[in-house]
Amino acid sequence: MGVMSFSIPRTIYYGEGALQKLSELKGTKAALVTGGNSMKKFGFLDQAEALLKQAGIESILIDGVEPNPSVETVMRGAQAMLEFSPDWIVAIGGGSAIDAAKVMWCFYEHPEITFESIIQPGSMPALRTKAQFIAIPSTSGTASEITAFSVITDTHKHIKYPIVAADMVPDIAILDPSLPMTMPKHITANTGMDVLCHASEALVSIAATAFTDPYAIQAIKLVLENLPVAYKEPKNLVARENMHEASALAGMAFTNASLGLVHSMAHKIGGEFGVTHGLANAILLPYIIAYNRKVSDKYAYAEKLLGIDDLSKAVQQLNKQMDIPTCFKDCTEVDFSEAKFLEVLDRMSQNAFEDPCTLTNPGKPCVEDVKKLYTSAFYGI
Ligand code: NAD
């Protein structure tokens, strides 16, 4: 395979009270980046500001990052950073807030470049000439606090761009289980299934190695054991902590081993129908495991280590416990009309086939395979 690399944040603080570590930071000015109002409402934003103050760090707030953050939001944040000159960027919130902050950081460091110039993987110039980056996730799902990825939407072209740059791996991740504790049930379910997809896709990826497998397998174990508990008992600290850590572990696996067909197909069906990413993943996962099992012995390897019979059945059971439907036609989150499905099927299958995540799926799926998988997952056959 040639020379490979494995990159993760230099420090990960985890466990109850981890947020307090903000008070030990060395620096002078911080830009706090957050989403809508959940971090404000539950008091985490005020806590973060107070802890930074304790460290002698003055802060400004860049808020209002929307779900699926836009290029405009990124540019607005970068401008505020240019005016304030922070030496730390502290992103606190869901994957959307952290993703947006990562790219704001890029335009703060390099105000002369354009969004178009960083779309190509690896094209982002070096960061950390002005600031370092801390990520504090409030959902247990995307693992943006660990990864070299950010997803930014061009709202004029209606395109979601995955931005990939090794320099965007945060310097510090803070995993405090009190933050995800306030997630409502459906967000717990959808983001939690995203973790399971990250881990199971990284496990069977053709870029998986001995460096990534242990993280993927441990993440699968933690999700199977803790997601149903976190869903039923939102205030269960142990389950929340285990899910938060599972998300980061899965992130360590997939940022280095990449993903597969579940993500390719979820991206495109999300684009066509507007279904939530984690929910689309959850519906697709059992079908893709059944398909990939023919060409990968890694599921059997993980099942043996974890003492489970069949990962696909375990996923189906988990979905059932959290009221996630078994197929898209039974999904009520958005309107999955059969007529529209049949109309977009060819285009969606071609686009999913061309998604970069398909490259690391085991076997060599063709467009026809993708089409069959969409059909199975739509009708539940
Ligand atoms: P999100 O950040 O969009 O948040 C979803 C909703 O949950 C928001 O309304 C938010 O206010 C609310 N919320 C967040 N934390 C909460 C809490 N603790 N309590 C109550 N409400 C809370 O959701 P997400 O799933 O974390 O992120 C999705 C984004 O991440 C998408 O744009 C997706 O494309 C991207 N993504 C990025 C990566 C990566 O590696 N960077 C990987 C996968 C997905």
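The values are calculated or read from the model by the stated rules, or taken from the named source; none is laboratory data. These numbers come from a predicted model, not from an experiment. No Cβ is skipped: glycine too gets one built from the backbone with ideal geometry, and neighbour counts run over all protein chains shown. To get the accessible areas, we keep the full protein, side chains included, count just its heavy atoms, and leave off ligands, DNA and RNA. Shrake-Rupley method; radii C 1.70, N 1.55, O 1.52, S 1.80 Å.
Key figures for this structure:
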{"read-out": "Selected residue (criterion: farthest from G192 (Cα to Cα)) from residues of the stretch 123-152 that are open to solvent by 20 Å² or more (accessible area, probe 1.4 Å) and within 16 Å of the ligand (Cβ to nearest atom)", "value": "M124"}
{"read-out": "Qualifying residue in the stretch 123-138 (condition: touching a Lys or Arg at 6+ places or on another chain (Cβ under 6 Å) and at pLDDT 95 or above)", "value": "no"}
{"read-out": "Selection from the stretch 34-60 of residues that are touching a Lys or Arg at 6+ places or on another chain (Cβ under 9 Å) and among the aliphatic types (A, V, I, L, M)", "value": "L51, A55, I57, I60"}
{"read-out": "Of residues in the stretch 179-212 being of a type outside the set (V, I, T) and touching a Lys or Arg at 6+ places or on another chain (Cβ under 8 Å), the one surrounded by the fewest Cβ atoms within 10 Å (Cβ to Cβ)", "value": "M181"}
{"read-out": "Close pairs from the stretch 150-173: first modelled with pLDDT of 95 or more and among the charged types (D, E, K, R), partner in a loop (DSSP other than H, G, I, E, B) and near the ligand (Cβ under 10 Å from one of its atoms), Cβ under 8 Å, at least 6 apart", "value": "D167/A148"}
{"read-out": "Members of the stretch 29-67 that are β-branched (V, I, T) and away from the ligand (no atom under 12 Å from the Cβ)", "value": "I57, I60, I62"}
{"read-out": "Residues satisfying the stated conditions in the stretch 20-67, i.e. farther than 18 Å from L179 by Cα and either among the acidic types (D, E) or open to solvent by 50 Å² or more (accessible area, probe 1.4 Å) (or both)", "value": "E24, K26, T28, K29, K53, Q54, G56, E58, L61, E66"}
{"read-out": "Residue list for the stretch 174-217, filter: of a type in the set (D, E), more than 10 Å from the ligand (Cβ to nearest atom) and within 16 Å of the chain's Cα centre (by Cα)", "value": "E201"}
{"read-out": "Those residues of the stretch 85-99 which are more than 10 Å from the ligand (Cβ to nearest atom) and on the phi < 0 side of the Ramachandran plot, in sequence order", "value": "P86, D87, W88, I89, V90, A91"}
{"read-out": "In the stretch 1-19, residue nearest to A173 (Cα to Cα) [restricted to those that are part of a loop (DSSP other than H, G, I, E, B) and of a type in the set (S, T, Y)]", "value": "S7"}
{"read-out": "Among the residues listed as L261, L227, L285, L311, the single one being touching a residue at least 60 places away in the same chain (Cβ under 8 Å), in contact with a Gly (Cβ under 9 Å, 6 or more places away or on another chain) and either open to solvent by less than 10 Å² (accessible area, probe 1.4 Å) or in the same structural domain as G94 (by TED's automatic domain parsing) (or both)", "value": "L227"}
{"read-out": "Number of the exception - K26 against (1) in a loop (DSSP other than H, G, I, E, B); (2) within 16 Å of the ligand (Cβ to nearest atom)", "value": "(2)"}
{"read-out": "Test set (1) small (G, A, S); (2) surrounded by 16 or more Cβ atoms within 10 Å (Cβ to Cβ); (3) modelled with pLDDT of 95 or more - G17 fails condition number", "value": "(2)"}
{"read-out": "Boolean, K329 is part of a helix (DSSP H, G or I), open to solvent by 70 Å² or more (accessible area, probe 1.4 Å), in contact (Cβ under 8 Å) with a residue 12 or more places away in the chain and closer than 25 Å to T191 by Cα", "value": "yes"}
{"read-out": "Residue among E112, E116, E72 that is within 16 Å of the ligand (Cβ to nearest atom), surrounded by fewer than 16 Cβ atoms within 10 Å (Cβ to Cβ), under 30 Å from P356 (Cα atoms) and at pLDDT 95 or above", "value": "E72"}
{"read-out": "Pairs with Cβ under 9 Å, 6+ apart, first in the stretch 187-201 and more than 15 Å from T212 (Cα to Cα), second among the hydroxyl-bearing types (S, T, Y) and more than 10 Å from the ligand (Cβ to nearest atom)", "value": "T188/Y231; A189/Y231; G192/Y231"}
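Table: residues versus (1) in contact with a His (Cβ under 7 Å, 6 or more places away or on another chain); (2) away from the ligand (no atom under 14 Å from the Cβ); (3) more than 26 Å from D309 (Cβ to Cβ).
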| position | (1), (2), (3) |
| --- | --- |
| A239 | no, yes, no |
| H244 | no, no, yes |
| L261 | no, yes, no |
| M265 | no, yes, no |
| V275 | no, no, yes |
| L279 | no, no, no |
| L284 | no, yes, no |
